[in-house]
Amino acid sequence: MKEPEMAIPPLFRCPISLDLFKDPVTLCTGQTYDRSSIEKWLSCGNSTCPVTMQKLNDSSIVPNHTLRHLIHQWLQLNCRNGYDLHYFQTVDDSIVGLKHNLQSKESTLDTKVQALEKVVALSEDLPLENSFLIQLDFFQLILELALENAVDQSSNFQESLIFLEKALVCALKLLPFSDLGTLNMLKEDESKFTNFLILFKKGTFIIKKSLCHLIVAISSSLQSKELLAMLGKSKILIQELVHLIENKLDGSEETIRALSALSSLEQNREFIVKENAVKALITYIVSAPKCQYRSLLAPILAMKTIETLLVVENAKEDVLKHPNGVSAIVKMVFRVSSDNEGSESAVNSLIIVCHDFMHAREEAIYSGVLTQLLLLLQSQCSERTKNKARMLLKLLRSMCTGDQKQSL
């Protein structure tokens, strides 16, 4: 007799794909979507919530860990109730074999790479199928293997790099379904933390991008706050992130996102500013491509990170010292193709520097901020952003009034 198919509860279906959530994330509107579906929606130039059609004042997406946990429990319950048990037992044996190949000291790197490729393929069906990958702690195993191989100085170093790239890509596939507390292995084991930094310093660009994703994941978990503080005070890590932002325009979004994640912790900001992060972010904004919606996400995130760092006094001075500091921020006040995302951060940043420095006000006016603000006020941006724009206009008007009185 054929087993009944699982009826997926409506709450567990993505409103876009109508499939079971694999990686549920929530927008600022409170609506949840599968990550791949909503990222595709945004990359097509849409700036509204697909369900509510509300304009997105903030395009950031937040992992919905609660819903993911509920889906995982539901899948386990259905498995215990007898849904296709023979299939799960067969897959279980196969997955145990993969784990053995990865753990065995007798396995060659090539064998391990092949095992990782199979794990990546199996992870495509998570969480609906192959949940044994999570139950058998593949995420922890693969991350530990990557960190152990970070200092491999064997003659077959190129093969080691291929393994490390595959391992980290595989770990990222499993990350949305795994316990983020696992990442605290970096805090609890000094050698693992050191190896993480070595990977970031000497790894390929693919390895570095993967590690950036892990940093963002660490910042999203309250369990990892101490680890985030450790990473935020690592001179090696911050200098490497700054270097990547300054020199790698392609793929810089992940790097800026990682720096932003580290900046989210207040105690990290002064150290991050000290390592010339503000200068690097401004340089990136100046050089950022002006076409395609997705390419604008990185400069918008860079602008928001600058705003976060401006609570540090030296960050204000870094903006003024940069030859394009104020003008770069003015450039972000109103950008037609970005639907004014990041405008509030740009306006807030100008309020901060213009309030304290007369020279900043003069440079902002010279760079065309008045026209930018008037365009912003006529746009479809939020009322809060418009109020900030009026505050900045008032601040700049006071300077003009003062100049007129002095001339009399």
Among the listed pairs 40/192; 208/321; 321/388; 166/202, those beyond 28 Å (Cα-Cα): 40/192; 208/321
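Rolling a 1.4 angstrom probe over the protein heavy atoms, how many square angstrom per residue are accessible across the stretch 98-197?
Solvent-accessible surface per residue comes out at 45 Å².
What FRET efficiency would be calculated for the residue pair residue 189, residue 266, taking the C-beta separation as r and a Förster radius of 45 Å, to the nearest 0.05?
Working from the Cβ atoms, E equals 0.95.
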5 angstrom amide H check on residue 335, placed H, neighbours 5+ away: 340
For the stretch 205-251: accessible area per residue (Å², 1.4 Å): 45
Whole-percent carbon and sulfur share, accessible surface of the stretch 114-237, 1.4 Å: 53
Probe 1.4 Å, all protein chains present, accessible-area order of 196, 271, largest first: 271, 196
Kirkwood Rh (inverse of mean 1/r, distinct Cα pairs), the chain, angstrom: 23.4
Whole-percent carbon and sulfur share, accessible surface of the stretch 11-76, 1.4 Å: 54
1.4 Å probe accessible area per residue over the stretch 11-76, in Å²: 50
Total formal charge among the other residues, if their Cβ is under 13 angstrom from that of residue 139, Lys/Arg +1 and Asp/Glu -1: -1
Entries in 209/235; 331/394; 105/201 that, when Cα-Cα distance is taken, lie over 24 Å: 105/201
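The values are calculated or read from the model by the stated rules, or taken from the named source; none is laboratory data. The shown structure was predicted, so the numbers you read here are calculated from the model rather than taken from an experiment. We place every Cβ from the backbone using ideal geometry, glycine too, and count neighbours over all the protein chains shown. The area values use the complete protein model at the heavy-atom level, side chains included, leaving out ligands, DNA and RNA. Shrake-Rupley method; radii C 1.70, N 1.55, O 1.52, S 1.80 Å.
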